[in-house]
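Notes for the one structure printed next.
The values are calculated or read from the model by the stated rules, or taken from the named source; none is laboratory data. Being a predicted model, the structure only gives us computed values, none of them experimental. Reconstructed Cβ throughout: ideal geometry from the backbone, glycine too, with neighbour counts over all protein chains shown.
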Amino acid sequence: MNSLYITALKTIWIKECTRFLRIWVQTLVPPAITMTLYFIIFGSLIGQRIGTMDGFTYMEFIVPGLIMMSIITNSYSNVSSSFFSAKFQRNIEELLVSPVPTWVILLGFIGGGVARASLIGIIVTIVSLFFVDVNIHSFTVIVITLLLTSTLFATAGLINGVFAKTFDDISVVPTFILTPLTYLGGVFYSLTLLPEFWQSVSALNPIVYMVNGFRFGFLGASDISFTTALSLLIVFNAIVFFVAYRLVDKGVGIRT
Amino acid sequence: MNALQISGLQKTYPGGVKAVKGIDLCVEQGDFFALLGPNGAGKSTTIGVICSLVNKSAGSVSVFDYDFEKEPEKAKQCIGLVPQEFNFNQFETLEQIVVNQAGYYGVPRGIAKERAEKYLKQLELWEKRSARARELSGGMKRRLMIARALMHEPKMLILDEPTAGVDIEVRRSMWSFLQKINEQGITIILTTHYLEEAEMLCRNIAIIDKGVIVENTSMKALLATLNIETFVFDIEDNASSIVIDGFETRALDNHTIEVDVPKVEGLNPVFEALSQQDAKVMSMRNKANRLEELFVRLVESSKKESAGE
């Protein structure tokens with residue numbers, strides 16, 4: 001790869017990481033606190049009365065889902081707010097006037113979202129260790145699912161940032177789409193508990209595949225096969241990246 | 001070699017507003033070029049197209065023989081832009097802003113840090129390198145944008161109203177800095193509403209109005225076309241009774257007169273007439289900057305032409 005591209009990509013990525021680390025109280029602390037509360041309330045207090053789920057304690061069962069929930073939320077919101085803020089303050093123009101190609105701009109922003117999501121994934125995992133001994137069935141599966149999921153939602157966040165005209169616009173999708181899909185994505189329950197009809201409806205929820213893929217990496221058990229989850233993640237990533245590339249390359253929302 | 005070559009440039013915004021209606025423009029390498037025009041004339045749109053911030057509707061732009069369509073990366077490497085509006089991240093430090101900008105042009109971080117020190121020092125911002133951009137005064141923010149635009153050492157610098165809203169001391173230090181870098185070989189294109197600035201700094205000029213170029217010549221040639229200048233005389237007393245034969249004279253009050261002086265006549269006959277009438281001249285000044293008079297005339301005639309269309 002051309003050295004300009006490597007330097008530019010590194011610069012955008014470092015800038016993105018510096019941004020979320022500079023405001024760590026807003027970006028890193030809240031997920032740690034929220035997840036601690038989930039572990040205490042759902043895991044320790046209510047979980048003890050629930051008993052086992054798919055052969056694991058309730059706490060063991062929800063840990064991968066809760067980590068994945070943090071990864072999804074943070075990768076999305078990192079890029080949507082950073083890209084929109086660059087549009088709002090007009091510093092996106094610094095990139096538009098420079099010789100950086102569109103795909104490098106995308107990778108830089110997405111890389112920032114993936115970095116934040118990974119860091120939060122590690123923080124939440126560390127928090128979970130205070131409540132339960134975390135099993136690891138396959139580290140490779142965990143890493144692949146984490147990277148593909150955070151890349152997917154970081155890219156989706158960028159598309160949100162492209163279309164957003166106000167700060168409200170970047171909170172609409174997380175509030176009204178991502179959160180419900182995540183809660184209904186099998187974070188807190190096994191899909192096998194649902195009636196057949198609702199199991200079929202859940203199959204339409206893409207987050208189900210990510211949560212289950214991730215859970216497979218930790219527990220070695222899942223409602224859905226990892227191959228299916230992996231294939232869908234790759235297809236979704238290709239689609240959203242193509243859409244994001246077209247939008248930014250055409251200058252939608254950033255060039256007049 | 002031409003630093004900038006624009007042919008048949010057009011821009012129609014969504015909604016049908018035609019901001020640029022077929023501009024042809026050529027700026028030579030090493031020039032200090034003024035692009036002037038009233039608000040809404042199409043200056044910033046033209047600059048936006050040159051710098052890839054605005055998608056053009058038709059025409060072509062090339063920079064140092066690199067066509068934007070064919071070799072956009074090489075063309076962009078040649079340009080440094082100082083935009084009209086502040087467009088940096090207000091929460092980043094000055095050093096972060098300029099070092100990152102260099103990175104977008106492929107300048108390795110080590111070299112970028114050396115250049116940051118060089119340009120921030122030259123623009124008297126080095127002491128503020130760790131301050132957040134939002135903490136700077138307006139003049140400092142303008143200088144920061146100049147430093148940022150120079151970080152990849154472009155061959156051409158485009159400044160869109162760089163001295164808007166800055167005090168005269170800062171403005172003068174920016175003028176001398178721009179003159180210095182122009183002498184070092186950087187081509188400069190300047191848009192400004194301070195016509196004194198354009199007259200003092202620029203060698204060539206284009207005046208744009210309603211999306212078309214109404215004048216494109218050298219500053220000297222343009223100023224030579226000004227055959228009448230208006231002077232304002234502050235007179236101690238009885239200014240309203242003064243008559244100067246052969247000169248158009250207007251009394252503004254009992255202490256001030258305006259006199260239109262044809263270049264061929266000079267000021268001597270005016271002073272003679274004033275002495276003969278025992279008028280004590282306390283002070284004298286140009287009513288307007290010379291370029292300003294020409295600018296107003298050209299824009300007025302362009303308005304009349306379009307009204308007659």
(message) Looking only at the range A:166-178, filter to residues that are touching a residue at least 60 places away in the same chain (Cβ under 8 Å) and surrounded by fewer than 15 Cβ atoms within 10 Å (Cβ to Cβ); which one of those is nearest to A:Ala244 (Cα to Cα)?
(response) A:Asp169
(request) Scan (1) outside any helix (DSSP H, G or I); (2) modelled with pLDDT of 95 or more for the single condition B:Glu114 breaks and write down its number. (result) (1)
(request) At least 2 residues that are in contact with a strand residue (DSSP E or B) (Cβ under 6 Å, 6 or more places away or on another chain), within 30 Å of B:Val49 (Cβ to Cβ) and at pLDDT 85 or above in each: list the helices (runs of 4 or more DSSP H) lying fully within the range B:190-278 that qualify. (result) B:195-201
(request) Keeping to the range B:11-43, report how many residues are within 13 Å of chain A (Cβ to nearest Cβ), among the small types (Gly, Ala, Ser) and surrounded by fewer than 21 Cβ atoms within 10 Å (Cβ to Cβ). (result) 1
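Here is a yes/no grid of residues against (1) surrounded by 14 or more Cβ atoms within 10 Å (Cβ to Cβ); (2) of a type in the set (Val, Ile, Thr); (3) farther than 27 Å from B:Ala224 by Cα; (4) more than 34 Å from the chain's Cα centre (by Cα):
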site: B:Ala239; (1), (2), (3), (4): yes, no, yes, yes
site: B:Ile242; (1), (2), (3), (4): yes, yes, yes, yes
site: B:Asp253; (1), (2), (3), (4): no, no, yes, yes
site: B:Pro262; (1), (2), (3), (4): no, no, no, no
site: B:Glu272; (1), (2), (3), (4): no, no, no, yes
(message) When you scan the range B:122-130, do you find a residue that is at the interface with chain A (Cβ under 9 Å from one of its Cβ atoms) and either at pLDDT 95 or above or farther than 30 Å from B:Val212 by Cα (or both), even just one?
(response) no
(request) Residue by residue through the range A:5-33, note down the ones that are free of Cβ contacts under 8 Å to residues at least 60 places away in the same chain, of a type in the set (Val, Ile, Thr) and farther than 17 Å from A:Leu129 by Cβ. (result) A:Ile6, A:Thr7, A:Ile14, A:Thr18, A:Ile23, A:Val25, A:Val29
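Kindly indicate the residue of the range B:172-202 that is acidic (Asp, Glu) and buried (at least 19 other Cβ atoms within 10 Å of the Cβ) and also nearest to B:Ala149 (Cα to Cα) among those meeting that condition.
Within the range B:172-202, the subset acidic (Asp, Glu) is B:183, B:196-197, B:199.
From what is left, the residues that are buried (at least 19 other Cβ atoms within 10 Å of the Cβ) are B:197, B:199.
Numbers: B:Glu197: 20, B:Glu199: 24 Å.
So the residue we want is B:Glu197.
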(message) Give all pairs with beta carbons closer than 7 Å in which a residue from the range A:96-108 that is at the interface with chain B (Cβ under 10 Å from one of its Cβ atoms) and over 18 Å from A:Asn78 (Cβ atoms) meets a residue that is of a type in the set (Lys, Arg) and surrounded by 23 or more Cβ atoms within 10 Å (Cβ to Cβ); count only pairs at least 6 apart in sequence or on separate chains.
(response) A:Val97/B:Lys76; A:Ser98/B:Lys76; A:Pro99/B:Lys76
(request) Quick one: count up the residues across the range A:108-127 that are closer than 22 Å to B:Gly103 by Cα and among the small types (Gly, Ala, Ser). (result) 5
(request) Filter the range B:58-85 down to residues that are more than 19 Å from B:His152 (Cα to Cα) and within 11 Å of chain A (Cβ to nearest Cβ) and give me whichever is farthest from the chain's Cα centre (by Cα). (result) B:Glu85
(request) Look through the range A:1-46, keep the residues that are crowded, with 19+ Cβ neighbours inside 10 Å and either in contact with a Ser or Thr (Cβ under 7 Å, 6 or more places away or on another chain) or not in a helix (DSSP H, G or I) (or both), and return whichever of them is nearest to the other protein chains (Cβ to nearest Cβ). (result) A:Arg19
(message) Exactly one condition in (1) surrounded by fewer than 15 Cβ atoms within 10 Å (Cβ to Cβ); (2) within 26 Å of B:Ile47 (Cα to Cα); (3) free of Cβ contacts under 8 Å to residues at least 24 places away in the same chain is false for B:Met140; which is it?
(response) (1)
(message) Cβ contacts < 8 Å: first residue within 7 Å of chain A (Cβ to nearest Cβ), restricted to the range B:94-111; second residue among the polar types (S, T, N, Q) and buried (at least 24 other Cβ atoms within 10 Å of the Cβ), any location; separation 6+ or different chain. Result?
(response) B:Asn100/A:Thr11; B:Gln101/A:Ser98; B:Gly103/A:Thr11; B:Tyr104/A:Thr11; B:Tyr104/A:Ser98; B:Tyr105/A:Ser98
